[in-house]
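*Asks:* Right, I'll just put the structure down here and ask away after.
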Amino acid sequence: MCFSLLRAHRHGIHALSSLWQDSLHRTSKTHGSHWRFNVISPKPNELEGGYSRRWIRSATTLNDTRQQLAERKDLHKLLTVIVFDIETTGFQGQFNRIVEIAFRDLGGGENSTFETLVYPERPICNSYFHGINDDMVMKDGVPRMEELIPIMVQYIESRRKQDGHVLLVAHNGRSFDVPFLKCEFERCNSQIPADWFFCDSLPLARKVSKNH
C-alpha cells in the first residue's frame, strides 16, 4: 500500500479540491446489475467506462454542480479526502477479488487510517506481485468482502464532516480501483453510497510533475 503521492500537505486537500471539477465522478445504480456513472466534468470525452459499464454525463447535473462549486469557496473545509488502495488476485474485477484494502483520511487525527487483508475465497496466484499469499488471508479474523463492506462504509461515514462531502481518491482509480470496488459491492448485493465521490489522482500527479 502506498499513499506517498498525497502525504505532503501542500498537495493534499487544497490541491484536490482545486481539481474537483476535472476529476470527480460519482455512481448510481440503474436497473438490474448495471452501474451508471454520473460524470461531473467539463471535459466530455475524458472519461471511459470499464467492462460493461458506461460513462454518461448530464448537462443539468454538470451545470448545477459547477455552479455549486463556484459558490463554495470554502470547499476544502467541508471536504473529507480519503485516499485508498487495493491489492487484488488479478486485473479484472469481474473475475478476481480484493485481497487487501487500505484507507487514509488526509485530515489526520485519531483512527485516520484503516487497513485490512481480505479473504478472497479463492487461491491467490499472483503473490509475487504484492506479497500476499493464501496463508495470510486464511488466518482467523481476516474478513470476507461481504463481512467487510458494512465495516468499511461505517469507517468512511465516521470521517465525514458535518454537512460535508466525502471524496475517495485512488491512483489510476478510474481504470482500476473504482471499477474493481464496484464489482465487489455488486457481488455482495450491496451498493456504494450515492453521495460518495471518487477522484483519480493520476491527473493530479501529472500536474505536480509538470510544476516541478
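The numbers here are math on the coordinates, done by the rules we state, and not lab data. Just so it is clear, the model here is predicted, and its values are computed rather than measured. Here Cβ is always computed from backbone atoms with ideal geometry, including for glycine, and neighbour counts include all displayed protein chains.
*Asks:* Going by C-beta contacts inside 10 Å, put CYS125, CYS183, CYS188, CYS199 in order with the fewest on the left.
*Replies:* Sorted ascending by nearby Cβ count, the order is CYS125, CYS188, CYS183, CYS199.
*Asks:* Going by amide H atoms built from the backbone, whose H comes under 5 Å of the H on GLY107, apart from near neighbours?
*Replies:* Under 5 Å from the amide H of GLY107 lie the amide H atoms of VAL81, each far enough along the sequence or on another chain.
*Asks:* Then there's this: Loop-only trypsin sites (Lys or Arg not before Pro) in the stretch 138-168, please: DSSP not H, G, I, E or B, and at most 14 other Cβ atoms within 10 Å.
*Replies:* The qualifying sites are LYS139, LYS161.
*Asks:* What FRET efficiency comes out for the pair TYR155/ASN189, r = Cβ-Cβ distance, R0 = 22 Å, nearest 0.05?
*Replies:* The value I calculate is 0.65.
*Asks:* Additional query: Please go through the stretch 71-120 and write out the GluC sites (Glu not before Pro) that DSSP classes as loop and that have at most 12 other C-beta atoms within 10 Å.
*Replies:* Those that pass, being in a loop and sparsely packed, are GLU110.
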